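**Student:** I'd like to ask some things about the structure below.
The values are calculated or read from the model by the stated rules, or taken from the named source; none is laboratory data. Just so we're clear, the structure is a prediction, and the values are computed from it rather than from any experiment. In this analysis, Cβ positions are derived from the backbone assuming ideal geometry, glycine residues included, and neighbour counts consider all displayed protein chains.
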Amino acid sequence: MTDQITDRAPSDPQPEDGGGRRDPLSMLFQPGAWRIEKRLVVRPWHEFITLIAALVAAVAIIAGLVLVIGKSPADSFAALYNGAFGTRESTLETLVQATPLILTGLAAAIAFRAGVWNIGGEGQFFAGVMGTWFVYDLWGGLPAPLLFVLMFIFAALAGAAWASVASGLLVRYGTNEILTTVMLNFVILYILSYLLAGPWQSPDTFYYQTQRMADNTYLPRFFSVSRLHWGFAIALLAALAVYWLIRRTTLGYEIRGIGSNMVASRYKGIRVGTVTLATMAISGALAGIAGFGELLGLHHRVQLDIAEGIGFTGIIIALVARLHPLGVIVAAILFGALVNGSTAMQYETGIPKALVFVIEGTTLALVLIAAMVSRYRIRKTG
Amino acid sequence: MEELFTSAVIVGIFWATLRIATPLLLAALGELVCESSGILNLSLEGTMTMGAFAGFYVANETGSILAGLVAAGLGGAFLSLIMALMTVTAKVNQVVAGLALNILGLGLAFFWYRSIYEAEGSIDIPTVDTMEAPWEFFPIPWLTILALVMVPVVWVFLYRTKYGLELRSVGHNPEACDMRGVGIISRQYVAVVFGGVMAGLAGSFLSLGSTGLFFPDIISGRGWIALAIVIFGNWRATWVLVGSLLFGFLEATQLALQASDVDLPYQLLLALPFVLTIVALVFNRSRSNVPLSLTIPYHRGER
C-alpha cells in the first residue's frame, strides 16, 4: 500500500489545495510566526512547573465537576483525605489497597523499561490467583510453611507463563505485544469463568466461586485493628528487588539498553529476544504475586471480580512513577488512598465513588500532556 | 444437541447475531479509520460507555431517540477530541493516553449516572423507549442498518477517495506525507474524532437500541472486542464486517447454548474471538495490513 504513495513520479501534479498549508494548526510551524520547537535541554524546573500547572488544572476541573452536582469541593476533598489518612485505621487500610497496586505497578514498570508494552497485568494477576488456588486444591493438606512457599512459587510461575505467551509470540513472530496481552486478559478470564462454573466451584453455592480457604492459609496480619497483611511487606521487598535488578545487575542494564535503543543494543551484542522473554517473565511473575497476596491476604476464595482493574491501575501507577521502582511505591499509596478515601467520601458527602475514576483519568491525562509540553518551548522566529 | 437445530433457534440466532454485531461493527469501523491514520485508540470501552450514557440521558430528558443518538455521537467526539489533543498535538504515548481516557470515560459516565439517578439513595431507575425496527420482516433496530451501510461507506472512503488515500498514507509514512504537503495533524484529528463518534453511537445502541437502560458496566468488554475485530480483520473494512458477524454469531450461539440443556462450556465460545484474534495476528504477519506508523508519534524533523 505504501507503493501507491512513494512511486509517484516527481513530475506528478501537486495537489491543488496545497496539502497541509491550510491546516490551522500548521500555521504554528510557519516561519515568521510563533514557532513551537523542542528544547535542547529540559531542566528539572521546566518539568516541575508544568507538573504543578497540570495538577492545579486537574484540581480545578474536579472541583468544577463537584460544584456542578451542587456539592462543596472543599468538603469533598476533606472527606476524601480523611477517609484515606484521617485515622490510624484508615491509613493502614490505604496501605492494604496499595499492596497489589505496588506489585502490578512494578510489573508494568519493568516491562516498559525494556520497551515491552505489557498491558496484560490484569490477566497475569488472574494467573497468579489461579496458580495459588491450584496448589491449595491439590496439596492443601501440606504443612503451612511448605504450602505457602509452593503457592508463592506457582503464583509467580503462572503469571510468568501467561506473560510468556505474549512475549513468545513477540520474539518468535513479531506480533504486537500490546494487542496480544489485551486479548490474553480476556482469554484467561473466560478460562477462570469456566473453572469457577465447573471443576472449582464450591459445591454448597450457586455462585461462581470456590470454597473458602482454610484458616491456616491466611497471610498473617500486622496489627489486629487492620487488614494490613504480609503481602504489603512482600510488595515492598519486591520493589527493592526490582530497583536492585534494574540498577545493579547485567540483566537490568540490558533491560534499560533495549528499552532506550534496541538497534544499538543489538549491535552491542545484547540478545534482545532473550532479554525480552526474561523481562516479560519477571513482569508476569510480579503480577502473579499480586494475585497470591490478594487471595491469601484478603479474599480467601477465588471469584471473578477479584481483580477489580488492579492490573490496569498498575500500568497507570508505573507511568505516574516515571517507571521508577521506588516511585511506584509512592504512586501506589496515592492511588490506594484515592480508592480508600472515596468510600468515606461517598458515605459522608453523597458524592459518587466513581469520582475517583474521573480524578485518576483527568490527572493522568493532564500530567502526560504536561510532561510532553515541558520538552517544548514557543519562540518568535524571524 | 438436536434441540439446537430447530428452525426457531436458528432464526433466533440469526437475528441475535446481527443485533449483537451492531455495536461491535460500528465501533470497529470507527476504530479502523482511526487506526488507518496511525493512531491506536485504546479508549473504546470508555468512549462507548460515554456514548451509552449521553444517549440515555438525553433520550430520557427529551423523549427523542434521535436527540439521544446525536448526544451519544457528541459524547464520543468529546472524549476522542481529548485523545487527539493528547496523541496528535501533545504526542503522548498512545497506549497510555488510551488507558487514561478509558478510565476518564468510564468515570464520567458512572459519576454522572450516580449523581443524577441514584442521588440520596433513590433507586428509581428510569427506562427509555428503545429504537424501533424499520420493517416488520426486520425485527431489529434501524441502527443496525446504518452500521451495515457504513461498511461500504468506510471502504469507499478509505480506498476510493483521495482523502482516504492520504489518511492511510499518514498512517503508513507520515514523513513522506509531510514532504508532499499532506497535512498530518488535521487528518489524524478527523480520523480520531470519527472513531469517537462511531464508538459513541455504538455505545448508544446498547442503551437505546436493546435495553432502554443505562447501567455502569453496560459495555462489559465490547470496546475491547471491537479492537480485537479490527486486528482480526487485518485492518480491512470487509473483514471487519466478517469479524463482527463472526464474533456476534459466537456470542449468540453461546447465549442459545446457555438457554438450552446442552452441556458445552459456553465460556469456550466467549474466549474463542480473542484466541482467533491472536491466531489471525500470527498468521497474517507476512501480509499484514497494519498501518506501519501505528502508535508511533510523528515529530517533524526527527528520525
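**Student:** Return the pair list, or none, for Cβ contacts closer than 6 Å from residues in the stretch B:217-231 that are at the interface with another protein chain (Cβ under 10 Å from one of its Cβ atoms) and closer than 15 Å to B:LEU270 by Cα to residues that are hydroxyl-bearing (Ser, Thr, Tyr) and buried (at least 24 other Cβ atoms within 10 Å of the Cβ), at least 6 apart or on different chains.
**Tutor:** Close Cβ pairs satisfying both conditions: B:ALA228/B:THR277.
**Student:** Moving on to the next point. Can you tell me which residue among A:GLY131, A:GLY83, A:GLY159 is buried (at least 18 other Cβ atoms within 10 Å of the Cβ), under 16 Å from the mean Cα position of the chain (by Cα) and either without any contact (Cβ under 8 Å) to a residue 24 or more places away in the chain or in a helix (DSSP H, G or I) (or both)?
**Tutor:** Numbers: A:GLY131 fails: under 16 Å from the mean Cα position of the chain (by Cα); A:GLY83 fails: under 16 Å from the mean Cα position of the chain (by Cα).
Testing whether each residue is buried (at least 18 other Cβ atoms within 10 Å of the Cβ), under 16 Å from the mean Cα position of the chain (by Cα) and either without any contact (Cβ under 8 Å) to a residue 24 or more places away in the chain or in a helix (DSSP H, G or I) (or both) leaves just A:GLY159.
**Student:** Being over 22 Å from B:TYR117 (Cα atoms) and over 17 Å from the mean Cα position of the chain (by Cα) is the filter here; which residues of the stretch B:67-83 pass it?
**Tutor:** Listed by number, the list holds a single entry, B:ILE82.
**Student:** Just to be sure I understand, how many residues within the stretch A:192-232 are touching a residue at least 40 places away in the same chain (Cβ under 8 Å) and within 14 Å of another protein chain (Cβ to nearest Cβ)?
**Tutor:** 6
**Student:** So A:GLN346 ticks every box in (1) surrounded by fewer than 19 Cβ atoms within 10 Å (Cβ to Cβ); (2) touching a Lys or Arg at 6+ places or on another chain (Cβ under 7 Å); (3) of a type in the set (S, T, N, Q) but one. Which box is left unticked?
**Tutor:** Failed condition: (1).
**Student:** Okay, next question. With respect to the numbered conditions (1) within 11 Å of chain B (Cβ to nearest Cβ); (2) on the phi < 0 side of the Ramachandran plot, which one is the sole condition not fulfilled by A:MET345?
**Tutor:** (1) is the only condition that A:MET345 fails.
**Student:** Next question. Would you call B:THR253 exposed (fewer than 14 other Cβ atoms within 10 Å of the Cβ), part of a helix (DSSP H, G or I) and away from chain A (no Cβ under 12 Å)? Show your work before the answer.
**Tutor:** Working: exposed (fewer than 14 other Cβ atoms within 10 Å of the Cβ): no; part of a helix (DSSP H, G or I): yes; away from chain A (no Cβ under 12 Å): yes.
No.
**Student:** Which is closer than 15 Å to B:SER36 by Cα and either facing another protein chain (nearest Cβ under 8 Å) or β-branched (Val, Ile, Thr) (or both), of B:THR211, B:THR161, B:THR144, B:THR127?
**Tutor:** Details: B:THR211 fails: closer than 15 Å to B:SER36 by Cα; B:THR144 fails: closer than 15 Å to B:SER36 by Cα; B:THR127 fails: closer than 15 Å to B:SER36 by Cα.
Only one candidate qualifies: B:THR161.
**Student:** Also, I was wondering about something else. Within the stretch A:57-73, identify whether any single residue is in a helix (DSSP H, G or I), more than 14 Å from chain B (Cβ to nearest Cβ) and in contact (Cβ under 8 Å) with a residue 60 or more places away in the chain, and answer yes or no.
**Tutor:** Taking every residue of the stretch A:57-73 in turn, none turns out to be in a helix (DSSP H, G or I), more than 14 Å from chain B (Cβ to nearest Cβ) and in contact (Cβ under 8 Å) with a residue 60 or more places away in the chain.
**Student:** The conditions are (1) more than 30 Å from B:THR17 (Cα to Cα); (2) away from chain A (no Cβ under 11 Å); (3) touching a residue at least 24 places away in the same chain (Cβ under 8 Å), and B:ASN173 fails exactly one of them. Which is it?
**Tutor:** Here B:ASN173 meets the rest and fails (2).
**Student:** Can you tell me how many residues within the stretch B:256-286 are touching a residue at least 24 places away in the same chain (Cβ under 8 Å) and within 11 Å of chain A (Cβ to nearest Cβ)? Spell out the reasoning first.
**Tutor:** At the first step, the residues of the stretch B:256-286 found to be touching a residue at least 24 places away in the same chain (Cβ under 8 Å) are B:256-257, B:260-262, B:273-274, B:276-277, B:280-281, B:284.
Then keep just the ones that are within 11 Å of chain A (Cβ to nearest Cβ); that gives B:273-274, B:276-277, B:280-281, B:284.
Total meeting the criteria: 7.
**Student:** Separate question: Being away from chain B (no Cβ under 14 Å), touching a Lys or Arg at 6+ places or on another chain (Cβ under 9 Å) and farther than 30 Å from A:THR210 by Cα is the filter here; which residues of the stretch A:289-330 pass it? Quick ask: steps written out before the conclusion?
**Tutor:** Within the stretch A:289-330, the subset away from chain B (no Cβ under 14 Å) is A:289-303, A:306, A:324-330.
With the extra rule that they be touching a Lys or Arg at 6+ places or on another chain (Cβ under 9 Å), the set shrinks to A:295, A:297-298, A:300-301, A:325.
Of everything in the stretch A:289-330, just one residue is away from chain B (no Cβ under 14 Å), touching a Lys or Arg at 6+ places or on another chain (Cβ under 9 Å) and farther than 30 Å from A:THR210 by Cα, namely A:PRO325.
**Student:** Let me ask something else about it. Among the candidates A:ILE178, A:ILE153, single out the residue that is among the β-branched types (Val, Ile, Thr) and without any contact (Cβ under 8 Å) to a residue 60 or more places away in the chain.
**Tutor:** Values: A:ILE178 fails: without any contact (Cβ under 8 Å) to a residue 60 or more places away in the chain.
The match here is A:ILE153.
**Student:** Would you say B:GLU35 is farther than 20 Å from A:ALA58 by Cα, touching a Lys or Arg at 6+ places or on another chain (Cβ under 9 Å) and outside any loop (DSSP other than H, G, I, E, B)? Please lay out each step first, then the result.
**Tutor:** Values: farther than 20 Å from A:ALA58 by Cα: yes; touching a Lys or Arg at 6+ places or on another chain (Cβ under 9 Å): no; outside any loop (DSSP other than H, G, I, E, B): yes.
So B:GLU35 does not fit the description; no.
**Student:** crowded, with 20+ Cβ neighbours inside 10 Å, over 30 Å from A:LEU196 (Cβ atoms), assigned by TED's automatic domain parsing to the domain that holds A:ASN216 and among the polar types (S, T, N, Q): which single residue out of A:THR276, A:THR250 fits that description? Spell out the reasoning first.
**Tutor:** Details: A:THR250 fails: crowded, with 20+ Cβ neighbours inside 10 Å.
Only one candidate passes the filter, namely A:THR276.
**Student:** May I ask you to say which residue of A:LEU236, A:LEU295 is touching a residue at least 40 places away in the same chain (Cβ under 8 Å), of a type outside the set (Asp, Glu) and surrounded by fewer than 18 Cβ atoms within 10 Å (Cβ to Cβ)?
**Tutor:** Details: A:LEU295 fails: surrounded by fewer than 18 Cβ atoms within 10 Å (Cβ to Cβ).
When all the criteria are applied, what remains is A:LEU236.
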